[in-house]
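**Student:** Here it is, the structure, as structure tokens.
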């Protein structure tokens, strides 16, 4: 009886295609790598088909997106709730939930087609026990009342920092923190946004590059904390 050679793995599988994980991914995700690969497949498939990810991003899903978001998990304490504002396709919120099952992640997204994708991704990846999807905008008072004050808020590629701060700082608990993932101009953006951040009751606590690794594009994080001052209050002297 003639043996039939096995069929090649489908494009986007864990072995080939856009879902294939680079070596560094195993170091970051460990035994959760299979979930990260499955998520990469979802992004390369349904994510592209529904316009959540551009086709040109598929070859660099890992280097520019998944690994770039995964290193942010090292900034978060154990077991904390995390709100991902403007989650889009789940970056960085779903990546954090995949790498850190101890986190309780809420994905906040206003667009219904993205919410539908996020709901399906959470179900497919078996993350419904630790991840919730909420449709809404951070600037809406009803959303803020529903979600309550947040200890940790993350955002990636949502808006310029001064606008992002006006949405997110009012959602922070006392000494709560916003971690905004930015590009290489993060430090300059933080400087130019300082006054705007202070006007809404925040303070820029630092700008840093998070855990640069081989094959990982640098991740710049701007940390904003809720200050003790009331929004719009002026200090005794001006700093400029």
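**Student:** Is there any pair linking a residue in the range 87-111 that is within 18 Å of residue 48 (Cβ to Cβ) to one that is assigned to a loop (DSSP other than H, G, I, E, B), with Cβ under 7 Å and at least six apart or on different chains, and which?
**Tutor:** Partner pairs satisfying both residue conditions: 88/52; 89/52; 89/53; 109/86; 109/87; 109/88.
**Student:** In the set 71, 115, which member is touching a strand residue (DSSP E or B) at 6+ places or on another chain (Cβ under 7 Å), farther than 22 Å from residue 25 by Cβ and part of a helix (DSSP H, G or I)?
**Tutor:** Selected residue: 115, the only one of 71, 115 that is touching a strand residue (DSSP E or B) at 6+ places or on another chain (Cβ under 7 Å), farther than 22 Å from residue 25 by Cβ and part of a helix (DSSP H, G or I).
**Student:** If you check residue 213 against the conditions, is it touching a helix residue (DSSP H, G or I) at 6+ places or on another chain (Cβ under 6 Å) and either surrounded by fewer than 19 Cβ atoms within 10 Å (Cβ to Cβ) or assigned to a loop (DSSP other than H, G, I, E, B) (or both)?
**Tutor:** Judged against the criteria, residue 213 is a match.
**Student:** Which numbered condition in (1) in a loop (DSSP other than H, G, I, E, B); (2) more than 26 Å from residue 101 (Cα to Cα); (3) at pLDDT 90 or above is the only one that residue 53 fails?
**Tutor:** (2)
**Student:** Now for a separate question. Being part of a helix (DSSP H, G or I), under 17 Å from the mean Cα position of the chain (by Cα), surrounded by 14 or more Cβ atoms within 10 Å (Cβ to Cβ) and at pLDDT 60 or above narrows it down to one of 36, 44, so name that one.
**Tutor:** Just one listed residue meets the conditions, 36.
**Student:** Right, another one. Being out of contact with any helix residue (DSSP H, G or I) (no Cβ under 8 Å at 6 or more places or on another chain), under 14 Å from residue 75 (Cα atoms) and free of Cβ contacts under 8 Å to residues at least 60 places away in the same chain is the requirement here; does residue 199 meet it?
**Tutor:** no
**Student:** Still on this structure, please answer the following. Which of the residues belonging to the range 163-193 are outside any strand (DSSP E or B) and crowded, with 17+ Cβ neighbours inside 10 Å?
**Tutor:** 164, 165, 166, 167, 168, 169, 170, 171, 186, 189, 190, 193
**Student:** Let me confirm something: among 95, 122, 82, which residue is modelled with pLDDT of 95 or more, within 14 Å of the chain's Cα centre (by Cα) and more than 24 Å from residue 214 (Cα to Cα)?
**Tutor:** None of the other options fit; the residue is 82.
**Student:** Regarding residue 129, is this residue under 20 Å from residue 38 (Cα atoms), touching a residue at least 24 places away in the same chain (Cβ under 8 Å) and either touching a helix residue (DSSP H, G or I) at 6+ places or on another chain (Cβ under 6 Å) or part of a loop (DSSP other than H, G, I, E, B) (or both)?
**Tutor:** Criteria not met by residue 129.
The values are calculated or read from the model by the stated rules, or taken from the named source; none is laboratory data. Because the structure is predicted, anything quoted here is derived from the model rather than measured. Glycine gets a Cβ as well: all are built from the backbone with ideal geometry, and neighbour counts include every protein chain shown.
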